[in-house]
1. Charges only on Cβ, +1 for Lys and Arg, -1 for Asp and Glu: so what's the dipole of the stretch 183-346 about the Cα centre, in debye to the nearest 20?
2. Hey, if you put +1 on the Cβ of every Lys and Arg and -1 on every Asp and Glu Cβ in the stretch 183-346, which of A258, P296, V284 ends up farthest toward the positive end of that dipole?
3. At a 10 angstrom cut-off on C-beta neighbours, averaged per residue, how do the peptides 28-38, 84-94 rank from highest to lowest?
4. Under a point-charge model restricted to the Cβ atoms of Lys and Arg (+1) and Asp and Glu (-1), what is the dipole moment magnitude of the chain relative to its Cα centre, in debye to the nearest 20?
5. Collect residues whose amide H, placed 1.01 Å from N in the peptide plane, falls under 5 Å from the amide H of D93; neighbours closer than 5 in sequence don't count.
6. In whole Hz, with x marking every Gly and Pro, tabulate ³J(HN,Hα) for the stretch 288-303 from phi via Karplus 6.51 cos²θ - 1.76 cosθ + 1.60, θ = phi - 60°.
7. Enter the Cα centre distance for the pair the stretch 302-326 and the stretch 23-71, rounded to the nearest angstrom.
8. Would you mind checking the tilt of helix 325-336 against the longest principal axis of the Cα atoms of the chain, expressed as 0 to 90 degrees and rounded to 10?
Amino acid sequence: MCVVTGSRAEYGLLYWALREIESASDLELQLVVTGMHLSSEFGSTVQQIEDDGFEINHRVEMLLSSDSAVGITKSTGLGMIGFADAFSWLKPDIVLLLGDRFELLAAASAALFAVIPIAHIHGGEVTAGAFDDAIRHSITKMSHLHFTSTEIYRNRVIQLGEDPDRVFNVGALGIDSIHRIKLMEKADLEVVLGFELGSRSLLVTFHPVTLEPGRAVTDFQALLSALDELAGVSLVFTRANADTEGRTINAMIDDYVAARPSAVVHTSLGQLRYLSTLKHVSGVVGNSSSGIIEAPSLQIGTINIGERQKGRARAASVIDCGSTAGEIRSALETLFSLEFQQRLSNVVNPHGSGDVSGQIVRLLQGVSLADLTKKHFHDQNLSGSPE
């Protein structure tokens, strides 16, 4: 079984699934590493994978030092070439992919042409503000097994024409890590961060809205302006991904943090430090999926800015707001209010309660690979429900 990982966040989500596959006597793990993992600019997080004890069976170099549309397109093309070689060499029985990044589009395309079955995690979701949305649905149509994080998403995958017998609602992998990892105490975390969180703090994670070129700079500047008006609040920034305009956002973060002792930036926190930070801050601000999927399980409030995550199921802990400084200021007031903070203890996460990795691996163990690549479009009846 070949698993592909191209980013720090996705690897953190896959970690326990990799452990489950590795420990299964009837499965053999093949791990292919690509994308940001192999870039020093994004923290060379391949080292973390090796430190965790995983054997890397193949590396696919594909990331160009450009976040322009041309650069991303060329990186995807290089990825297809690299994955063609990787799959030819490894000859996997099945490829497991998570998510919606362009690295995975390259991997899925190569597997499709090589007639290798694909199992896809986190299909059926909608993120209206990014081209990840189209990538995710494209990978769904190339895939043969589907592991969704809610029943709504399962139905959406079926709506795309996939066989209901091959679509499984297992919950979100990020919830597994919250239940399985012993998160750090606040004092220990502050030592690792080299930074005091204090009594009020925010985790800021912001990525480009890829369907609106040029919008990222305007929206992120509005966020920084709103944060500048906060008094006595510590800020922990994580860098943007290698998406279009991501490097511009990272440069803005660097300039902002350099001028403020109450702020710090980390290229890659890793799963333990990221979730521990998420646990101990007053809230998370930005447009990352972690604020939608993981934060509710830690009873942490989220300010979700703009439309990048529009369409995803969300808990009552998520405050959606527009991307102007005024709208963000208003959301921050709500987040820090006593009434909102008191409600967080009763939040229910719609993305499940854990054991997602175990469910996925058990389902993979039970599937027959015979004729798995043969697919038929599953039509729906006139009422709109699956036949």
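Every read-out reported here was derived from the displayed coordinates using simple, explicitly stated rules and does not represent laboratory data. Computed from a prediction, not measured in an experiment: that's the story for all the values here. Note: ideal-geometry Cβ built from the backbone for every residue, glycine included; neighbour counts use all protein chains shown.
1. For the stretch 183-346, the charge dipole is close to 320 debye.
2. Towards the positive end, the residue furthest out is P296.
3. Result, highest mean first: 28-38, 84-94.
4. 300 debye
5. Residues meeting the criterion, in which the H sits 1.01 Å from N, are C2.
6. 8, 5, 5, x, 8, 9, 8, 3, x, 6, 9, 6, 10, x, 10, 9
7. Comparing the Cα centres of the stretch 302-326 and the stretch 23-71, I get a distance of 30 Å.
8. In the chain, helix 325-336 runs at an angle near 90 degrees to the longest axis.
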